[in-house]
Amino acid sequence: MPRNRVLPALVFAAAALLPGLCRAEALESDAQGAATRWDEAYNRNDMETLGKLYTPDALVVTKGGTQTRDGIPKFFSGLKAKGWDDHKTTVKNAVAKDNLLIVSGRWEMTGPVDGGARKTFEGNWVNVLERQKDGWRTVLHTWN
């Protein structure tokens, strides 16, 4: 390709890729915002607000079973009462599919260990969010 056509071709290629990159960044930003709102509600023990971050038909899949709408705030309130605190979620990936946002990343929180000490625990985390009139709400939440 002649030199005088290389720069326009590169500019065209960059312009074609840019909307997709901007969209991915916006999705990850939306997902991190939702995760941060969850962390803040949990860390201040505001289970009423935390419960509102889920859709009415949401499922939280835990090691002990599946929690539904009424059980979700109760489950997390129980964790908080046992000394699990300082929750932090970091979004690593967000993919849109219709009105859903499939999000994965890492979580960490401190919790009690034998002898009364505290330790940081961490793992992988997945949420499926659904777009609502007033923002994203969790439909499915699980971790390991």
By a straight-distance test (C-alpha under 18 Å), which aspartates and glutamates pair with residue 97 as possible cross-link partners, with residues fewer than eight away in the same chain excluded? 25, 28, 30, 130
At 1.4 Å probe size, with every protein chain present, just tell me what the per residue accessible area of the range 31-144 comes to in Å². 57
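Rounded to a whole number, what % of the accessible area of the range 63-144 do carbon and sulfur atoms account for, probe 1.4 Å?
On the way: 2500 of 5040 Å².
Taking all protein chains in place, the range 63-144 shows 50 percent carbon and sulfur surface.
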Please express the shape of the range 39-79 as an equivalent ellipsoid: the semi-axes are the square roots of 5 times the eigenvalues of the C-alpha gyration tensor, given largest first in whole angstrom. 16, 12, 7
At R0 = 22 Å, how high is the FRET efficiency between residue 131 and residue 81 if r is their beta carbon distance? Nearest 0.05 is fine. 0.10
In square angstrom, rounded to the nearest 10, how much accessible surface does residue 139 have for a 1.4 Å probe? 40
Given the pairs 80/133; 88/119; 52/74; 52/133; 92/133; 52/80, which span a C-alpha to C-alpha distance of over 19 angstrom in this model? 80/133; 92/133
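Could you give the C-alpha radius of gyration of the range 70-144 expressed as a fraction of 2.2 N^0.38 Å, taking N as the number of residues it contains?
That ratio works out to 1.29.
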How long is the gain from residue 90 to residue 117 if the chain were fully straight, where each residue apart is worth 0.36 nm and the alpha carbon distance is subtracted? 7.2 nm
Could you rank 122, 40, 130 by how accessible they are, 1.4 Å probe, largest area first? 122, 40, 130
If amide H atoms are modeled at 1.01 Å from N in the peptide plane, then the residues at a separation of 5 or more from residue 59, or on another chain, having amide H under 5 Å from its own are 140, 141
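The values are calculated or read from the model by the stated rules, or taken from the named source; none is laboratory data. It should be emphasised that the depicted structure is a prediction, and the values quoted were computed from it without experimental measurement. Neighbour counts run over all protein chains shown; Cβ positions are idealised from the backbone, glycine included. For accessibility, only protein heavy atoms count, side chains too; no ligands or nucleic acids. Shrake-Rupley method; radii C 1.70, N 1.55, O 1.52, S 1.80 Å.
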